Amino acid sequence: MFARTAARSLAAPSSRLFSSSAARLHKVAVLGAGGGIGQPLSLLLKSDPLVTSLSLYDIRGAPGVAADVSHVDTGSEVTGYAADQLDQALEGVKVVVIPAGVPRKPGMTRDDLFNTNASIVRDLAAAVARVAPEAHILVISNPVNSTVPIVAATLEKAGVFDPRRVFGVTSLDVVRARRFLSEAVGTSPKNTGVTVVGGHSGPTIVPLLSQTEWGKQVTGEAWKKLVHRIQFGGDEVVKAKDGAGSATLSMAYAGASFTNHLLRGLSGEKGVITPTFVKNPLYADQGIDFFSSPVELGVNGVEKIHPIGTISADEQALLDACLPELKKNIEKGKAFVA
Ligand code: NAD
Ligand code: LMR
């Protein structure tokens, strides 16, 4: 589903190739497993042959979700952990996915979630630093532009930060871009790769439509409408759910797909490349040291950060609008931990 991945698509061949180390390598924890994203994400991870063990934690409801998901007839073991069992949930995990925190209601921005979610994410990251300091951390909780710097700064404080192992999950923007572009030009989403760079909120989401033959077909007002829909797709769902939360099912799909990409990289598969929000040198000289651009995933996590490539003048204008907003969001996250 993501642009420019290797020819081998999903995981079965890789899981056989690397089965000797799989049990050690692929224990995955979901923190926030009882929530709107956490439940379907846990189900999808249970279906991924690269996940050998699943550790489900939440302050409420995770043992029930684990009992339910554990009946699915795939090979992985599933264990649920109650509120006071965070450390046990993290023992021996290789990958930690974090969808814990509150979602938006209509009229809110993602930044309005900061006051609640910043401390949730900081405390979970501190626990990972203590119990599983070598784990890869995939942050879903919003505002991603700030929660990822919070996780990084928390790990840094604990002396265990490795920039190759902290990821903001921006995959839903790629999923939406593929779907919406394919609708606009009448293609199959599977064949409609789009790179989306920047961050994960409104104007910080920068789709690079000009880099594909299909995207180039969309111009003028149609381009503006398509870009707006990709940037504000989250608001579309928040409005439709009318107070009951934000995207959960499409996010679970996007989060499970990103986790699968990471596990394929960790397993030694070459050429696994997808956009993700990481510690990134591309705009660091402007004080923006986290950015989503296409990242090659490998046995240590981030293997190589690719530049964004050639972009159109209109996309440059989007990027110019993204950078100052992103800088503010990143600084806010860092200041919270400092
Ligand atoms: P939700 O309220 O349905 O679920 C959140 C879960 O987190 C709940 O089960 C809650 O008990 C749990 N939780 C709260 N504090 C916790 C803690 N300290 N430890 C463990 N679990 C804790 O919300 P949701 O719809 O699943 O959304 C979760 C987050 O994901 C929100 O911040 C939302 O904005 C974000 N989100 C991000 C993206 C993205 O693209 N990155 C997409 C959709 C939603
Ligand atoms: C999304 O893009 O759907 C998520 O970030 C949730 C939201 O608040 O819009």
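The values are calculated or read from the model by the stated rules, or taken from the named source; none is laboratory data. It should be emphasised that the depicted structure is a prediction, and the values quoted were computed from it without experimental measurement. All Cβ positions, glycine included, derive from the backbone under ideal geometry; neighbour counts span all protein chains shown.
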- For Leu50, state whether it is out of contact with any Ser or Thr (no Cβ under 9 Å at 6 or more places or on another chain) and at pLDDT 95 or above. no
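Are any of the residues in region 73-85 in contact with an Asp or Glu (Cβ under 6 Å, 6 or more places away or on another chain) and either under 28 Å from Ser146 (Cα atoms) or away from ligand 2 (no atom under 15 Å from the Cβ) (or both)? Show your work before the answer.
Step one: filter region 73-85 for residues in contact with an Asp or Glu (Cβ under 6 Å, 6 or more places away or on another chain), giving none.
So far as region 73-85 goes, no, none of its residues is in contact with an Asp or Glu (Cβ under 6 Å, 6 or more places away or on another chain) and either under 28 Å from Ser146 (Cα atoms) or away from ligand 2 (no atom under 15 Å from the Cβ) (or both).
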- Across region 161-179, the tally of residues that are farther than 22 Å from Ile311 by Cβ and free of Cβ contacts under 8 Å to residues at least 24 places away in the same chain stands at 1
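Among the listed residues Ala184, Ala152, Ala126, Ala177, which satisfies the condition of being more than 16 Å from ligand 2 (Cβ to nearest atom), modelled with pLDDT of 95 or more, in a helix (DSSP H, G or I) and within 15 Å of Thr276 (Cβ to Cβ)? Show your work before the answer.
Working: Ala184 fails: within 15 Å of Thr276 (Cβ to Cβ); Ala126 fails: within 15 Å of Thr276 (Cβ to Cβ); Ala177 fails: more than 16 Å from ligand 2 (Cβ to nearest atom).
After applying the criteria, what remains is Ala152.
Scan region 180-210 residue by residue and report those that are closer than 18 Å to His306 by Cα and surrounded by 24 or more Cβ atoms within 10 Å (Cβ to Cβ).
To start, the set of residues in region 180-210 that are closer than 18 Å to His306 by Cα comprises 193-199, 205-210.
Within region 180-210, Val194, Thr195, Val196, Val197, Gly198, Gly199, Ile205, Val206, Pro207, Leu208, Leu209 qualify.
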- Could you run through region 88-123 and say how many residues are farther than 17 Å from Asp162 by Cα and in a loop (DSSP other than H, G, I, E, B)? 13
- Message: Of the residues His261, His306, only one is within 16 Å of ligand 1 (Cβ to nearest atom) and not hydrophobic (A, V, I, L, M, F, W, C); which?
- Response: His261
- Going through region 76-108 in order, the residues found to be buried (at least 23 other Cβ atoms within 10 Å of the Cβ), more than 8 Å from ligand 1 (Cβ to nearest atom) and among the small types (Gly, Ala, Ser) are Gly80, Ala89
- Reported set for region 287-318 where residues are within 17 Å of Gly215 (Cβ to Cβ) and acidic (Asp, Glu) is Asp314, Glu315
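Please determine, by comparing only the residues of region 28-60 that are assigned to a helix (DSSP H, G or I) and within 15 Å of ligand 1 (Cβ to nearest atom), which one is surrounded by the fewest Cβ atoms within 10 Å (Cβ to Cβ). Outline the logic, then answer.
If we filter region 28-60 for residues that are assigned to a helix (DSSP H, G or I), which is where we start, we get 38-46.
Retained after the next criterion (residues that are within 15 Å of ligand 1 (Cβ to nearest atom)): 38-45.
Working: Gly38: 27, Gln39: 25, Pro40: 19, Leu41: 28, Ser42: 33, Leu43: 16, Leu44: 20, Leu45: 28.
Within region 28-60, the match that is surrounded by the fewest Cβ atoms within 10 Å (Cβ to Cβ) is Leu43.
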- Item | Number of the condition not met by Ala284 [criteria: (1) over 25 Å from Arg229 (Cβ atoms); (2) touching a residue at least 40 places away in the same chain (Cβ under 8 Å)] | (2)
- Task: Need at least 3 residues that are of a type in the set (Gly, Ala, Ser) per element, so show me which strands (runs of 3 or more DSSP E) inside region 226-338 make the cut, counting only ones lying wholly within it.
- Result: 288-298
